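Some notes on the structure that comes next.
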Amino acid sequence: MPSSEMAVMGKTIMILRLTGRVLHDAVSFIVFSLLDILDLILCFAFKAVDFIIEAEWKPCYCTSAKEAITSSGKIFVSEQGESKIVCLTSTKLELEEISDTLYTRPSLVSEISRSTVNELKRFKVEDKSSTVTVQSSEKNIKKGTTRSTFTVNSTIVGMLRGKIGGQQLYPIPRWSDCDCKLCTSWTTSSKETLFVRAEGPRDKAKEDVLFVHGFISSSAFWTETLFPNFSNAAKSTYRLFAIDLLGFGRSPKPADSLYTLREHLDMIEQSVLEPYKVKSFHIVAHSLGCILALALAVKHPGSVKSLTLLAPPYYKVPKGVPATQHVMKQVAPRRVWPLITFGASIACWYEHITRAVCLVMSKNHRLWEFLTKLVTRNRMKTFLIEGFFCHTHNAAWHTLHNIICGTGSRLDGYLDSVRDHLKCDVNIFHGRNDELIPVECSYNVQQKVPRAKVKVIDNEDHITIVVNRQKVFARELEEIWRGGDRVVN
């Protein structure tokens, strides 16, 4: 083919790509502008129905962040410009951060307008011959801690125990949540612990392994794929623990919880590490679970023997950019394609649309599971559907924002601790076709922790990295655990 024809073809392809990008941006703008309006309409609709059924106005984040938080029994405070809630221990009050993405989610139109105004202001400033630089004293404040603590008088502690109702799990589901036996089984239990699927020898186990699933999933993600494919030698050597995270699967779904990082970690410790007397353990985590795995490893640096992370959502945050907002825009860029990105964008940006989705899907999950079984006759797909639907809107909404978005400024510190203070092996797996969390996230982790080994799996995505290769991955994990045992021993 002559060079002139190749040049014309190259230009044609470039024009087609540019045209496609412009059309995609235009369609995305229209769709999400309409969703902004729909979310506002649903806000008033849900308030009316809540009042009719529950005899109270339920605050939401689009109207009043303070009311939405304090209505769950938490005490809302502001420290150094950051939103925090008060957490009570036996002798201390702890200030724990919550993500500002819960209540700071500007509409697409307002965000574009503000960006345009900011750009115009920047051009005007650049045209001036002299500029004035103002440095905020808050930039000099070191952000290394995740919560502040202060000691209080025991009498005050006693008084506040009655004020902070969120310290106990509230068993009553909302009208829009599913009230089936599976979803409410935790309300009849005397123990406030997660659902734990444990396999392996009880007394003669050599090591323990903790499996942490990702967002809107369950322990079945592991127990239906990996557990049946581990070798007999592994089953006789390791105790395997797969948990349903707080708010998901068969675990408690308290209506008054904000599903913060502390709450998730405390429940893992209370449900697995303490009752099973786990002293040292390997961690295998997927997606959102990777954040909890890193936080748990940093909290128990001498106990973790290996870290295996699948598709860790670690995004580098540019200097001067709010970490929580940056992560939310990376995870949910408000684009209609690919579909998984469209779904993530709706889940992140629209509080009331997602509640409507949960009302239709999660509340009626038994119907959808029946239809899935009827149509697919495939057990693997069925358990994925079960994990996807068995949660409440409150759990999914707060976990997404407080864990994935809210830890955007903490992950650097966690990874630094893993690099400097943990001796365990770190292995990372990522599907090359993952359209939800890009492969760059895994390489970002490797840059922070140079000893981490990254393996990118061709032709696999966010889910099939495990589901399509469970036998191979089970063998890979066994090899990792053997290596971790040798390192520690």
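So how do 401-411, 192-202 stack up, highest first, on mean other-Cβ count within 10 Å? The partial results should precede the final answer.
Working: 401-411: 23.9, 192-202: 16.5.
Answer by packing, highest mean first, reads 401-411, 192-202.
Please report, in debye to the nearest 20, how large the charge dipole of region 198-348 is about its Cα centre when each Lys and Arg carries +1 at its beta carbon and each Asp and Glu carries -1 there.
Roughly 440 debye, rounded to the nearest 20.
Return the Rg/Rh ratio of region 255-336 with Cα-based radii and a Kirkwood Rh.
Over the Cα atoms of region 255-336, Rg/Rh equals 1.04.
Viscosity 1.306 mPa s, temperature 10 °C: what is the translational diffusion coefficient of region 175-300 from Stokes-Einstein with a Kirkwood Rh over Cα pairs, rounded to a whole number of µm²/s?
The diffusion coefficient I find is 105 µm²/s.
Solvent-accessible area per residue for region 191-259 at a 1.4 Å probe radius, Å²?
Here the residues of region 191-259 average 35 Å² of exposed surface.
How big is D for region 315-365, in µm² s⁻¹ as a whole number, if Stokes-Einstein is applied with the Kirkwood radius of its Cα pairs at 20 °C and 1.002 mPa s?
After rounding, the answer is 176 µm²/s.
How far apart, in nanometres, would the label points at D458 and K423 be if each is projected 7 angstrom from Cα along the Cα-to-Cβ direction?
Roughly 3.9 nm, to one decimal.
How much accessible area per residue does region 388-470 have, in Å², with a 1.4 Å probe?
In whole numbers, region 388-470 has 38 Å² accessible per residue.
Set the Förster distance to 25 Å, then compute FRET efficiency between L23 and N433 from the Cβ-Cβ distance, nearest 0.05.
0.60
Residues of region 286-356: accessible area per residue at 1.4 Å, in Å²?
32
Of K235/K471; K253/K471; K363/K471; K319/K448; K204/K455, which pairs sit farther than 24 Å apart, going by alpha carbon to alpha carbon?
K253/K471; K363/K471; K204/K455
Evaluate the charge dipole of region 381-446 about its Cα centre and quote only its size in Debye, nearest 20, assuming +1 on the Cβ of each Lys and Arg and -1 on the Cβ of each Asp and Glu. List each step's numbers first, then the result.
Numbers: 5 positive and 8 negative charges, 24 e Å.
The calculated dipole for region 381-446 is roughly 120 debye.
Rounded to whole Å, give me the distance from the Cα center of region 5-44 to that of region 189-210.
49
Quick one: net charge around I216, please, counting Lys, Arg +1 and Asp, Glu -1 for every other residue with C-beta under 15 Å from its C-beta. Don't jump to the answer; show the numbers that get you there.
Details: positive: R250, K253, R355, K363; negative: D177, D244, E369, E386.
Local net charge: 0.
Please compute, over every Cα-Cα pair in region 216-358, the percentage with a separation greater than 25 angstrom.
38
If Lys and Arg each add +1 and Asp and Glu each add -1, what is the summed charge of the other residues whose beta carbon sits under 15 Å from the beta carbon of F429?
Its environment carries a net charge of -3.
Cα convex hull of region 211-281: mean projected area in nm², to one decimal? Write down the numbers at each step before the final one.
On the way: hull surface 21.6 nm².
Here the figure is 5.4 nm², rounded to one decimal.
Within 10 Å, count the other beta carbons around each residue, average over each peptide in 220-227, 7-14, and list them highest first.
Ranking the peptides 220-227, 7-14 by packing returns 220-227, 7-14.
Based on the Cα gyration tensor of region 402-446, what are the three equivalent ellipsoid semi-axes, each the root of five times an eigenvalue, rounded to whole Å and given largest first?
The answer is 20, 16, 7 Å, longest axis first.
Could you tell me the largest-minus-smallest coordinate of the C-alpha atoms of region 337-489 on each of the three principal axes, in descending order and whole angstroms?
The principal-axis extents, from largest down, are 50, 37, 30 Å.
What is the projected area of the convex hull of the Cα atoms of region 309-415, averaged over all directions, in nm²?
8.1
Round to a whole number: what % of the accessible area of region 213-347 belongs to carbon and sulfur, probe 1.4 Å?
That fraction is 56 percent.
State the answer as a single residue: which of F429, G408, T354 lies farthest towards the positive end of the charge dipole of region 284-437, with beta carbon charges of +1 for Lys and Arg and -1 for Asp and Glu, about the Cα centre.
Ranked along the dipole, the leading option is T354.
Suppose every K and R has +1 on its Cβ and every D and E has -1 on its Cβ; what is the size of the dipole of region 355-489 about the Cα centre, in Debye to the nearest 20? Display every interim value, and only then the final one.
Numbers: 20 positive and 16 negative charges, 91 e Å.
With only Lys, Arg, Asp and Glu charged at Cβ, the dipole is about 440 debye.
The values are calculated or read from the model by the stated rules, or taken from the named source; none is laboratory data. Only a predicted model underlies this, so the values are computations on that prediction, with no experimental measurement involved. So basically every Cβ, Gly included, is an ideal-geometry build from the backbone, and we count neighbours across all protein chains shown. Calculation scope for accessible area: heavy atoms of the full protein, side chains included, ligands and nucleic acids excluded. Shrake-Rupley method; radii C 1.70, N 1.55, O 1.52, S 1.80 Å.
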